[in-house]
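Remarks on the structure that follows.
The values are calculated or read from the model by the stated rules, or taken from the named source; none is laboratory data. In this text the structure is predicted, and so the values were computed from the model without any measurement. Positions of Cβ are backbone-derived with ideal geometry, glycine not excepted, and every protein chain shown enters the neighbour counts. Accessible surface areas use protein heavy atoms only, side chains included; no ligands, DNA or RNA. Shrake-Rupley method; radii C 1.70, N 1.55, O 1.52, S 1.80 Å.
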Amino acid sequence: MKLVKTLALFTTLAGSALMALVTGEVAQAASITAQTRGLDSGINTAVDRNSFFGVSFDQGSVGTFIKSFSIDLSPDSNASFDITPFPFALGPSSGVAASDILSSVLSNSNKMLTVTLADGAFVAGEFLRFGIDTDRVGSSFFGLDPFDPGIDFGLAGAKFTATLSNGQSGTSVFQPVSLIPSVSQTTLDIPEPTSVPEPASVLGLLAFGAMGAGSTLKRFQQQKANG
């Protein structure tokens, strides 16, 4: 009975080791949600709420953090960010402080906002909200071009991109969610490679199991000969 159990254990170890060698890396996904919410990005910032834009790090591996993210308005040729009256300002957030924002930079004729964060500042389970004025986003459900409600960012096909500390990145497109409250949202899933045991350690495990099984088999044969 002991021989049977030992051989069964060796078979299990060998199967697990070979599976690790075959599969190489196991992909997990970091999940990040971006949202625009409110009647107008400029009004939201003007009254010092700074909560029109939101980014939440919903799921990710321990030790992984968001290095930077960007919002791209270029799918709408008329849209742009406007920092003249109301520049970028951090609002209600969890785990992210104003000092964690290293930079908020506009590029591509003010159509793209890129926010860079301090290392380790934005990890899974945390969120931030911020305000910045925009102009002429989307066709507007309300028929008033001066206003950029949350839903317009989905109508305009605005893009959200995030880069993780492991170098992985991804892009997704805002989708209209609701008219009242006026919301657009997108969820971005970025695969995170997870390391498995090195081949040398796997082979060592196989060798250890083989030695144990061989020793048990030898003792079994000697007992049978003496018996």
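Between the alpha-carbon centres of segment 90-139 and segment 37-72 there is a gap of 6 Å.
Computed with a 1.4 Å probe over protein heavy atoms only, the accessible area of ARG136 comes to about 120 Å². Computed from point charges on the beta carbon alone (+1 for Lys and Arg, -1 for Asp and Glu), the dipole magnitude for segment 63-162 about its Cα centre is near 180 Debye. For ILE180, the solvent-accessible surface with a 1.4 Å probe is about 150 Å², rounded to the nearest 10.
Solvent-accessible area of LYS67, all protein chains in place: 70 Å² (probe radius 1.4 Å, heavy atoms, ligands and nucleic acids excluded).
Each label was represented as a point 7 Å from its Cα along the Cα-to-Cβ direction; for THR187 and ASN110 these points are 3.5 nm apart. What is the local net charge at VAL123, summed over the other residues whose Cβ is closer than 12 Å to its Cβ (Lys, Arg +1; Asp, Glu -1)? Net charge around VAL123: -3.
Given a 1.4 Å probe and heavy atoms of the protein chains only, how would you sort THR161, THR171, THR45, largest accessible area at the top?
Largest accessible area first, the residues go THR171, THR161, THR45.
Protein-only accessible surface at a 1.4 angstrom probe places the residues SER169, SER41, SER31 in the order SER169, SER31, SER41, largest first. The apolar share of the surface of segment 79-126, taken as the fraction of accessible area on carbon and sulfur atoms (1.4 Å probe, ligands and nucleic acids excluded), comes to 55 percent. Near ILE71: Cβ cut-off under 11 Å, other residues only, Lys/Arg at +1 and Asp/Glu at -1. The net charge is +1. Extension gain, ASP119 to GLN175: 0.36 nm times the residue separation minus the Cα-Cα distance gives 17.2 nm.
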